[in-house]
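Colleague: Take a look at the following structure, please.
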Amino acid sequence: MKWRVLASACAAAVAVTSMPYMATQVHAEPAAVTQQTGNNDLKLWYTSPADITKYYQGWQEKSLPIGNGGIGGTVFGGITRERIQLNEKSLWSGGPSESRKNYNGGNLENKGNNGATMNSIHEYFANGQDNSATNLAKRNLIGASDDNGTNGYGYYLSFGNMYIDFKNVSSNSDVKNYTRDLDLNTAIAGVNYDKGSTHYSRENFTSYPDNVIVTHITADGSEKISLDVSVEPDNNRGDAVNGIGDSSYKRDWDTKVSNGLISINGQLKDNQMKFTSQTQVITDNAGTVKDGNGKVSVSGASEVTIITSIGTDYKDEYPSYRTGESADELTSRVKWYVDQAAAKTYEELKANHVSDYQKIFDRVDLNLGQTVSTKPTDELLSAYKAGTATDAERRQLEVMLFQYGRFMTIESSRETTTDENGYVRETLPSNLQGLWVGANNSPWHSDYHMNVNLQMNYWPTYSTNMAECAEPLIDYIDALREPGRVTAAIYAGVSSAEGEENGFMAHTQNNPFGWTCPGWDFSWGWSPAAVPWILQNCWDYYE
């Protein structure tokens, strides 16, 4: 019970640092506020867009996340230009590559000496030679250093951005009654505003059943939609202070535009991982679609639907960590999802998404006596901190925080599924940032830290009735067994007899490529208790 209380406190702390907070306001009219809040105590909403120019600072506080466990985005809600940051959870540098043919998960044979070093340390301690034991541990119970990116630890990388440029809006002052929101009941991020006599609306979500990101734009009034859509892979280092210390984020790609489809196909230079995104732009019958220089232009439409899917050739299977697909096969697989989704109406896609999401989300309802505040979420958060919020408003924010944590778990960690054509969709567990990363500058590589962080990610999963969301974690730990046996043999001298499996070992940090060695500094990197600890999560799943 103590662990569960601590888990709830930790989950709240994580959620409160993630809940989008805005400083700049463009206030909506009272009627728009009333329409926005309705009777929904689980809607985050704001009266101004997030700043799309601040790529490397604050995106996690200001944009609104959507995801389906494998792919996702963060929606900024721009008026003249919308930015949707795109993510694919397996897009990592590091691991096996042409330049690292002998990649061995960071294990150093000469340091562990098949357990001989560990035995010497034990002997020193047994003989009271503590300093000798400690110094030997500091020098030898370590893995390969990867400060310069040469040994293959890698980084979780940003995929890129989709931009929507609205050509009939010249500035933010052209519109009124602007609001943007994230409805936790439906996992849909929306934008609404009026321009003249026309009401513009957008809805964004990432569908787990259809495996696509969907943006739906409507214009209700005399004006029609006029916009450009483009997709740009992220080939920038990021923040110079916290950014990647090597060039493993770099990539090559081709962009082709045909029949309203933007096709991005490329690979990372560091490890030759293939990646692709396919984005189809669809309009109503009144609208026209024109292919341009790397973009799709729409004019004269009352309704536009943009469907995107993203994929890589990563597979969590030791030792290659690749599906073996050719570039064409990968493109065909990802495009299949877009084609299947494009054959459905928007209403069908939305219904599929909401039904699937609510099947998990609606299992838990929390009532602390909250009422729906008329304050936008950032003002409500400020009032809470200042002590000026009513008790009922405070309870609303607390309930929203609790459900926001459940929402983020559903959006960033979903079970393996096999689609109707036989494609198997496996997803990695939530990393240090769940699924979302704003640029190629993720702190601590946005990796899997097993000295508490990964464990803590999943502590509330079972007690809040979302057991299937833990399946990616179980699969990931299972996949650590084979590379972890190498680490156990080198550092602990625990070897396998023929036809048998020995124990497996992993430490403080690991990546999607079986990096199970100790870290490159003993003070933080040696953590043989990491696996027993994470196995408690697996036991909780079994229970």
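Quick note: the coordinates plus some simple rules give every number you see, no bench work behind them. Given the structure is predicted, the values throughout are model-derived calculations rather than measurements. Glycine also receives a Cβ, built like all others from the backbone with ideal geometry; neighbour counts cover every protein chain displayed.
Colleague: Under the definition of Cα pairs under 8 Å and six or more residues apart, what whole-number percent is the relative contact order of the chain? Intermediate results must be reported in sequence, preceding the final value.
Modeller: On the way: 1225 pairs, mean separation 108.5, N = 543.
With pairs under 8 Å counted, the relative contact order is 20 percent.
Colleague: What are the lysines whose alpha-carbon lies under 17 Å from the alpha-carbon of LYS350, with same-chain residues fewer than 8 places away excluded?
Modeller: Of all the lysines, those that pass the test against LYS350 - Cα under 17 Å, at least 8 places apart if same chain - are LYS359.
Colleague: Need one number: nm distance between label points at SER496 and ASN285, each 7 Å from Cα along Cα→Cβ, rounded to one decimal.
Modeller: Going from the SER496 label point to the ASN285 one covers 6.3 nm.
Colleague: Just to confirm the number: angle between the C-alpha axis of helix 346-361 and the first principal axis of the chain, 0 to 90 degrees, nearest 10?
Modeller: So the helix axis and the longest Cα principal axis differ by about 50 degrees.
Colleague: Still on this structure, please answer the following. Give the cross-link partners of LYS269 among the lysines, using a straight C-alpha distance below 29 Å as the criterion and excluding same-chain residues fewer than 8 apart.
Modeller: Straight-distance partners of LYS269: LYS54, LYS89, LYS101, LYS250, LYS256, LYS295, LYS315, LYS335.
Colleague: Can you pull the one-decimal nm distance between simple spin-label points at ASN127 and ASN148, each 7 Å off the Cα toward Cβ?
Modeller: The answer from the label model is 3.7 nm.
Colleague: Ok, one more. Working from the pairwise distances between different alpha carbons, so that the mean of 1/r is found and then inverted, what is region 129-286's Kirkwood radius in Å? Numbers along the way, then the final one.
Modeller: Working: mean 1/r = 0.0499 Å⁻¹.
The Cα-based Kirkwood calculation yields 20.1 Å.
Colleague: Can you tell me, using C-alpha contacts under 8 Å and at least 6 residues apart, the relative contact order of region 158-283 as a whole percent?
Modeller: On the way: 207 pairs, mean separation 23.6, N = 126.
Relative contact order for region 158-283 comes out at 19 percent.
Colleague: With a cut-off of 18 Å, note down the residues of region 87-115 whose backbone N falls inside the zone around a label point 7 Å from the Cα of ASP252 toward its beta carbon.
Modeller: Residues passing the 18 Å test: 93-94, 97-100.
Colleague: Using Cα atoms only, what is the angle between the long axis of helix 327-342 and the major principal axis of the chain, expressed in degrees (0 to 90) to the nearest 10?
Modeller: 40
Colleague: If you stretched the chain out fully between THR417 and GLU348, how much longer would it get, using 0.36 nm times the residue separation minus the C-alpha to C-alpha distance? Intermediate values should be presented prior to the final figure.
Modeller: On the way: separation 69, 0.36 × 69 = 24.84 nm, distance 2.00 nm.
Length difference between fully extended and current span is 22.8 nm.
Colleague: Which order do the peptides 254-264, 459-469, 492-502, 511-521 take when ranked by the mean count of other beta-carbon atoms within 10 Å per residue, highest first? Walk me through the intermediate numbers first.
Modeller: Values: 254-264: 16.4, 459-469: 18.6, 492-502: 11.5, 511-521: 25.4.
Result, highest mean first: 511-521, 459-469, 254-264, 492-502.
Colleague: In addition: What is the distance in Å between the Cα centres of region 112-185 and region 218-287?
Modeller: With region 112-185 and region 218-287 each reduced to a Cα centre, they are spaced 25 Å.
Colleague: Which entry in (i) 23.1; (ii) 27.0; (iii) 29.8 is this structure's computed mean projected area of the Cα convex hull in nm²?
Modeller: Read-out taken from this structure: (ii).
Colleague: Here's a follow-up. For a Förster distance of 60 Å, can you work out the FRET efficiency between the beta-carbons of SER382 and ASN119, rounded to the nearest 0.05? Walk me through the intermediate numbers first.
Modeller: Numbers: r = 59 Å, r/R0 = 0.98.
With a Förster radius of 60 Å, E is 0.55.
Colleague: Shifting gears a bit: Go ahead and collect, in residue order, the members of region 180-224 whose backbone nitrogen is under 15 Å from a label point 7 Å along the Cα-Cβ direction of ASN40.
Modeller: Answer for region 180-224: 180-193, 201-206, 216.
Colleague: Enter the angle in degrees (range 0 to 90, nearest 10) between the Cα long axis of helix 453-463 and the first principal axis of the Cα atoms of the chain, meaning the one along which they spread out most.
Modeller: The two axes meet at around 60 degrees.
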